1. I'd like the full set of residues that are of a type outside the set (A, V, I, L, M, F, W, C) and surrounded by 17 or more Cβ atoms within 10 Å (Cβ to Cβ), limited to region 364-385.
2. Given the structure, is Thr129 modelled with pLDDT of 75 or more and on the phi < 0 side of the Ramachandran plot?
3. Return yes or no: is Val169 surrounded by 17 or more Cβ atoms within 10 Å (Cβ to Cβ), assigned to a helix (DSSP H, G or I) and modelled with pLDDT under 75?
4. Counting only residues that are more than 24 Å from the chain's Cα centre (by Cα), assigned to a helix (DSSP H, G or I) and not β-branched (Val, Ile, Thr), which one in region 342-388 is nearest to Arg324 (Cα to Cα)?
5. List the number of the failed condition for Val238; all other conditions in (1) modelled with pLDDT of 85 or more; (2) surrounded by fewer than 18 Cβ atoms within 10 Å (Cβ to Cβ) hold.
6. Quick check on Arg45: is it charged (D, E, K, R), assigned to a helix (DSSP H, G or I) and modelled with pLDDT of 70 or more?
7. Just one of the numbered conditions (1) at pLDDT below 80; (2) under 27 Å from Ala300 (Cα atoms) is not true of His416; which one?
8. Does Glu388 satisfy the criteria of being charged (D, E, K, R), under 17 Å from Leu434 (Cβ atoms), at pLDDT below 90 and surrounded by 18 or more Cβ atoms within 10 Å (Cβ to Cβ)?
Amino acid sequence: MTRSTRISQFTKQDLWTRDLTAMSLLQRLGTQALRLATAVGMEFRHRLLDARAAGLVYTTLLSLVPFLAVMFSVLKGFNVHHVIEPFLAQTLEPLGPKSREITATIIGFVDNIKMGVLGVFGIAGLFYTTYSLIDKMEQALNAIWQVKQGRTWERKFADYLSAVLVGPVLVVSAFGLLASLQSHTLVQHLVKMEPFGTLLVWSGDVVPFVMLCAVFTFFYKMIPNTHVHMRSAVVGGVSAAILWIIAGEAFAKFVAASASYSAIYSSFAVLMLFLLWLYTGWMIVLIGAQFSFFHQYPTAYLSRLLWEQGTYVFREQLALKVLRVLGHHYLKGDRPLRLPELSSELNMPLSLVEEEIERLVENGFVGRLQEPEGVSLIKSPDLILVKEVLDSVRNGTPPWILPHFDTGDPVAAVLHRRDKAVERALVGETVQSLLQDQPPPQSTGA
């Protein structure tokens, strides 16, 4: 067995079949972390992350100045606009000495935008450009979370407006408060006293990291158009913050050692470095989102792999599990389940649940309701035969085209005997029989 084959078998099979319950706490945490890192790393095979990051770089170039102009106007109303320049400089700090030049150029562009002379259409265009940047972020994160449906126009307007108006004020105010506390007279006196001096110096390094984690966590919690668990958002936020710090240090060393760039690109060297840092920053944001997604759905990587391989066993299990959950809610008289709720109960990615629901609707096992919105069984669980469900997975949507078996063919005869054996084994088996061993889920309300 070649090395590449062993690695492929480990990442696709061995790593995921280990029994976590038989491991010590340290081994279990290590295995879970390795699974998480493997699932995120394997996403680079499809070259989707770098394509989305490149798209966000392009959108950022078009939208950065208008976005900062809108942010500057909002911050000016709260009298904290003077913090935006040092905040931007800190974000671009990995660019080294060039960061001051880029910051001054961007702030100069922002200062040249005069809201009073833009007119109605000019201001509308300014806000639309800002909107497009946030919308592009949502599309990228929705793709990672496998969410096909974005926000409605009404929700986009409300949520994006809140992000533009409230988010910058909170973030910049927090950084400004930290800077003012560090320069406060009392703090300066405490610095000279031990152990307060050491603790304050230590906290000066830790607090910015914690705030960076909080910013990323808020980003992963609020931007995707799906329910993100707080713990998963924190995992993504901490991962992105760590990667940001590591990338910042590495990029700063790269800039310091790349004097040849100035000789090659001349005055364009600043732009090239700025584009590289933008791309790196967006890659970190997307990788953090992947960590958040796979933490919330730890089986998502393996489930999607089995789905893409067309594994019948996995599809059969998923179909019966969906009907099992819906059957419990049907018998309890609960309202129809929304797809995110069903996804959460199954602990499966929303996209896989959506595809399976489509199949079950086409096969007449599940119905979609508009009021109240959701999905539910269209007949009692004791009327849905397990054999019919398995046939639908195997043969597709109705009308099912069953193969004709030639009893003179040995291969066909074996398959015919197998199907007859399955039919005899499942006589009388309905979805109702699958509900006996499963504790009823929490009621969602009648």
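The values are calculated or read from the model by the stated rules, or taken from the named source; none is laboratory data. As the structure is a computational prediction, the values presented were derived from the model and not from experiment. Every residue, glycine as well, gets a Cβ built from its backbone with ideal geometry; the counts of neighbours run over all protein chains shown.
1. So the first thing to find is which residues in region 364-385 are of a type outside the set (A, V, I, L, M, F, W, C), and the list is 364, 367-368, 370-374, 376, 379-382.
Once the filter is applied, which keeps residues that are of a type outside the set (A, V, I, L, M, F, W, C) and surrounded by 17 or more Cβ atoms within 10 Å (Cβ to Cβ), region 364-385 yields Gly374, Ser376, Pro381.
2. Here the answer is no, as Thr129 does not meet what is asked.
3. So Val169 does not fit the description; no.
4. We begin by selecting, within region 342-388, every residue more than 24 Å from the chain's Cα centre (by Cα); these are 359-373, 375-388.
Then drop every residue that is not assigned to a helix (DSSP H, G or I), which leaves 359-362, 381-383, 386-388.
Filter again for not β-branched (Val, Ile, Thr), leaving 359-360, 362, 381-383, 387-388.
On the way: Arg359: 15, Leu360: 13, Glu362: 18, Pro381: 8, Asp382: 11, Leu383: 13, Lys387: 14, Glu388: 15 Å.
Among those residues, the one meeting the criterion is Pro381.
5. (2)
6. Values: charged (D, E, K, R): yes; assigned to a helix (DSSP H, G or I): yes; modelled with pLDDT of 70 or more: no.
When the stated conditions are applied, Arg45 does not pass them.
7. Evaluating His416 over (1) at pLDDT below 80; (2) under 27 Å from Ala300 (Cα atoms) leaves (2) as the failure.
8. no
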